[in-house]
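What follows is a single structure, written as structure tokens, with notes after it.
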Amino acid sequence: ANADRWIPTLPGSPGLVALGMLLYATEKGIARGLSDSMQVKLRGAARGWSLESIAARTGVVKETIAKLSELFFKADRPLAVGHVSGPSGLDITGGLTAIALLNRAAGDPGDLVDFSRQKALGRCSPASEVADLLSALDQGKVDVLMVMGANPVYALPQSWNVPAAFENVPFIVSLAGHMDETTQAADLVLPIQTPLETWGDYVPQTGLRGIIQPVTGFVFPNARPAGDVLLTVARKIMNPDLFPGNTFYDYLRHTWQDTVFTGHPGSFEEFWIGAIQRGFIEEKPLSRSEFTQDLDKLRFPEPRESNGLHLVAFPHMSLFDGRGANKPWLQELPETITQITWDTWVEIHPDTAGRLGIRHGEKVEIQSPYGKIQAPAYVYHGVQKETLAIPMGRGHRGYGRFADGLGTNPMALFPRADDSYPEFIFSIQDVKATGKGTIVGFANTDGSMYDHGRDLALTVRLEKIGSLVKNKVKPPLPEGTRAEEDIYPAHHYPDYRWAMAIDLSRCIGCGACAVACYAENNVPTVGAELVREGREMSWLRIERYFDPEWKNQPRFLVMLCQHCYAAPCEYVCPVYAAHHSKEGLNEQIYNRCVGTRYCNNNCPYKVRRFNWLPYPRPEPLTWQFNPDVVVRQKGVMEKCSFCMQRIKEAHNTARNEGREISDGEITTACAQTCPTQAIVFGNLLDEESRVFKLMNNPRAYQALRELNTRPAVIYLKKVVQDIDV
């Protein structure tokens, strides 16, 4: 979505595109990183492949593949990063090998791709080992099965028939912190504590060892740390002397002292305290290693023929593979591209939908050789033709009240690992889609795919940045007042004028800021039916608009209360509940609000939410309330407050210390959580502050500037460039 240019390929075929680029580069003599003998072996391994055949398999014309290769090998520091998901192209190993060889052929200097720093996910069990375990279960070779941190009954394709395999196990033990489909199938459930309550360690990647420490007391007295449970069992059946200490914390300390501490100076106590303070230690990294491949054994076999549609299942942005589906914040967070909540959908290209007679929002039956499901069709240009894309994560049947019965699980459509499919496959061919004739629609929040000429999410071409000399910001300050334009008297800010700058070139549309706002400000979730009625309560949203020129190219806009200088909401409230503070905040005084909703009618940004109902927070969800923020009841208007409680806390600290609030001392929940640091908060009266400097950036602008509301939320245009391929 954030690429300068998206070139659609059929599912699983990026590795084939890389192979085509390699073949073109060796033919033209520009593969500078491969010796002549390696190039000969590569062409032998790809015998039978040509740009024409690769174009037919990927949906990318050969001229585009050739131009991509030219651009890639002309770049100073090119880097290819790929994802290969199944048999529509090369097999997964062959596809990733082609991508790695592409980097090698471009003369990878060794600081772009380091094969010695492996991620923890790369050490997960392959499909073959999981298949062997299920075979052992089927044959009754396992007497006791212990499951922790996994939900195979839900997450594995139904063709693997995990429930039947479980029936052949005499005794199943589940160590779990919550109920799920696998825990329901267990004979014994041992409740364990969450990582927020326990000690532990982890290795996210080679050379980095992290330490987990509790940040809260025990929530449920009957739950125990997983490490304590396993140690208790181990001491019963093995030599207790092998497991020193009385608790898992003691065992963890002893283990670090005997292994991790080796070779470090000073005392172990100093080392241990330092590791806890930092949260991690950097171990001695392995020497850098490059990609190596025995090209004599390398082969790129042709994929199987396809007669039907391609199907790909992709991890949901917030629910991932379904493990986040029991959290209502994540269920109600609109998916980045489709803006759909609480449901599963099927993405389909308009041309394909037209050929099949499928309408937008129509219930569709998807059938593969392994199963079938039903879900509504989402018709748009962001998916390749003749391809269906379905998000994972929903369709639970035992994961709690916020997950069960919502959507459908696409794992019903995929094969079991065998000789034909030796890997986990989430992309298959020969799929059929049939419209059922019923329009069911979605619980989505966007209303439209386009901004209809309102210029909300603005962009600037890379080549034009140098010519930008003046931005389009009318400062939300007294000096920005114009007698000929403004009918209200100027505000005066004695010490602070709080504002926010959002760099749209940094925003990736992940929605982390929106979830942070839910958590910080006690914002309720309302469920699918009220979202359908337009009554979601989120104070902050990620708006997605497609470029009218490039219909498959989205633009993101973080939309929240703009805290306008000339706020339209303030002048229409009959009881002065919408109030302008001496620090520029558009305050909402709940005790004054009588629910006329005039302020919402007069707000052009539509960022105010009205509490139509008392939204239930069943136990233990009430424990997550932020005590610094009031819990609102029905009948009042609410909205973003720029995290006023944090501003007040900073005021108190600065007053007690006899000083002014310094730049960066306050950050809002959304800015704190943003993984790309796209959001900056600060004081516009401080000309040395980051937010003041960003307001004067040539890329800066205000949403709906022509209305003269003079927002205190300043956006920086997204930088884009045309890629001629």
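Applying the condition of being over 17 Å from Ala389 (Cα atoms) and in a loop (DSSP other than H, G, I, E, B) to region 307-332 and asking which residue is modelled with the lowest pLDDT yields Asn307.
State all residues of region 474-526 that are β-branched (Val, Ile, Thr), under 30 Å from Arg617 (Cα atoms) and not in a loop (DSSP other than H, G, I, E, B); if no residue qualifies, say none.
Kept after step one, since they are β-branched (Val, Ile, Thr), are these residues of region 474-526: 481, 487, 502, 508, 515, 523, 525-526.
Among the residues that remain, those that are also under 30 Å from Arg617 (Cα atoms) are: 515, 523, 525-526.
Residue satisfying the conditions is Val515 alone.
Selection of region 682-724 for residues being open to solvent by less than 40 Å² (accessible area, probe 1.4 Å), among the basic types (Lys, Arg) and farther than 17 Å from Cys564 by Cβ yields Arg699, Lys717, Lys718.
Among the criteria (1) more than 25 Å from the chain's Cα centre (by Cα); (2) open to solvent by less than 20 Å² (accessible area, probe 1.4 Å); (3) under 30 Å from Arg57 (Cα atoms); (4) modelled with pLDDT under 80, the one Ser116 does not fulfil is (3). Selection of strands (runs of 3 or more DSSP E) fully inside region 366-440 by the criterion of at least 1 residues being among the aromatic types (Phe, Trp, Tyr) returns 371-379. Look at region 59-78: where a residue is farther than 28 Å from Lys385 by Cβ and a partner is surrounded by fewer than 19 Cβ atoms within 10 Å (Cβ to Cβ) and of a type in the set (Val, Ile, Thr), sitting 6+ places away or on another chain with Cβ atoms under 9 Å, you get Phe73/Ile30; Lys74/Ile30. In region 69-82, the condition of being in contact with a strand residue (DSSP E or B) (Cβ under 9 Å, 6 or more places away or on another chain) and not acidic (Asp, Glu) is met by no residue.
Of the strands (runs of 3 or more DSSP E) that lie entirely inside region 649-725, those containing 2 or more residues that are touching a residue at least 24 places away in the same chain (Cβ under 8 Å), farther than 30 Å from Ile65 by Cα and touching a Lys or Arg at 6+ places or on another chain (Cβ under 9 Å) span 679-683, 713-716. Just so you know, in region 3-58 the residues that are of a type in the set (S, T, N, Q) and open to solvent by less than 60 Å² (accessible area, probe 1.4 Å) include one that is nearest to Ile348 (Cα to Cα), and it is Thr9. Within region 380-426, the residues that satisfy the criterion of being among the charged types (D, E, K, R), open to solvent by 20 Å² or more (accessible area, probe 1.4 Å) and on the phi < 0 side of the Ramachandran plot are Lys385, Arg397, Arg401, Asp404, Arg416, Asp418, Asp419, Glu423.
Residue pairs whose Cβ atoms lie under 9 Å apart, separated by 6 or more positions or on different chains, with the first residue in region 467-478 and among the acidic types (Asp, Glu) and the second part of a loop (DSSP other than H, G, I, E, B) and open to solvent by 40 Å² or more (accessible area, probe 1.4 Å), do not occur.
Please go through region 239-262 and pick out each residue that is of a type in the set (A, V, I, L, M) and modelled with pLDDT of 85 or more.
Filtering region 239-262 for residues of a type in the set (A, V, I, L, M) gives 242, 252, 260.
Leu252, Val260, listed by residue number.
The values are calculated or read from the model by the stated rules, or taken from the named source; none is laboratory data. Note that the structure is predicted; figures quoted are calculated from it, not measured. Quick reminder, even Gly has a Cβ in these numbers, built from the backbone with ideal geometry, and neighbours come from all protein chains shown. The accessibility values were calculated without ligands, DNA or RNA, using every heavy atom of the protein model including side chains. Shrake-Rupley method; radii C 1.70, N 1.55, O 1.52, S 1.80 Å.
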